[in-house]
Amino acid sequence: MLDIRTLTRAEEEIMRILWQLKKAYVKDIIAEMPEPKPAYNTVSTIIRILEKKGVVSYKAYGKTHEYFPLITEDEYKRFEMKQLIGNYFEGSLPNLVSFFVKDHDLQPDEMDEILKLIETHKKEN
């Protein structure tokens, strides 16, 4: 099992780019970032932090490094959802769903869509 830790907003932004590109040099990551673009050293520092967290690795080509993610986006989403449900909804998925139904003014068609997803999943399992 992976030892995933919560990422900062800046770390997540870089991970999203790496998930999209699959592998990239720092300059490639910066090219995908919105204006104003961060400094090369800033992105390089964040990537080294991601390495220490165990979510990014690299291949060295002389002095340059090509970075790639060690976890998938889905693995990170699962981790974050478990954290969210555990921290805010007492570990209960029904509590999470109840919150969204009550607090986010779900429309009947949205509720029907959610029920269809649940029914489809039940049939598949």
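Structural remarks
- Taking segment 37-52 as the range and being of a type in the set (Gly, Ala, Ser) and surrounded by 14 or more Cβ atoms within 10 Å (Cβ to Cβ) as the test, only Ser44 passes.
- Yes/no for Leu7 being at pLDDT below 95 and either under 17 Å from the mean Cα position of the chain (by Cα) or surrounded by 12 or more Cβ atoms within 10 Å (Cβ to Cβ) (or both): yes
- So Ile47, is it within 19 Å of Arg5 (Cβ to Cβ), part of a helix (DSSP H, G or I), aliphatic (A, V, I, L, M) and in contact (Cβ under 8 Å) with a residue 24 or more places away in the chain: yes
- Here Asn87 passes the criteria (1) more than 20 Å from the chain's Cα centre (by Cα); (2) open to solvent by 70 Å² or more (accessible area, probe 1.4 Å) except the one numbered (1).
- When the test is whether a residue is in contact with a strand residue (DSSP E or B) (Cβ under 8 Å, 6 or more places away or on another chain) and of a type outside the set (Asp, Glu), Pro69 passes it.
- Some residue of segment 50-65 being without any contact (Cβ under 8 Å) to a residue 12 or more places away in the chain and hydroxyl-bearing (Ser, Thr, Tyr): yes
- Residues of segment 53-82 satisfying the condition of being of a type in the set (Lys, Arg), over 15 Å from Arg16 (Cα atoms), loosely packed, with under 13 Cβ neighbours inside 10 Å and modelled with pLDDT under 95: Lys63, Lys82
- Residue within segment 90-110 that is in contact (Cβ under 8 Å) with a residue 24 or more places away in the chain and either surrounded by 11 or more Cβ atoms within 10 Å (Cβ to Cβ) or closer than 25 Å to Arg9 by Cα (or both) present: no
- Every condition in (1) on the phi > 0 side of the Ramachandran plot; (2) in contact with a helix residue (DSSP H, G or I) (Cβ under 7 Å, 6 or more places away or on another chain) holds for Leu93 except the one numbered (1).
The values are calculated or read from the model by the stated rules, or taken from the named source; none is laboratory data. Please read these numbers as outputs of a predicted model, since none were measured by experiment. Ideal geometry is used to build each Cβ from the backbone, glycine not excepted, and the neighbour counts take in all protein chains shown. These area figures cover heavy atoms from the full protein model, side chains too; ligands, DNA and RNA do not enter into them. Shrake-Rupley method; radii C 1.70, N 1.55, O 1.52, S 1.80 Å.
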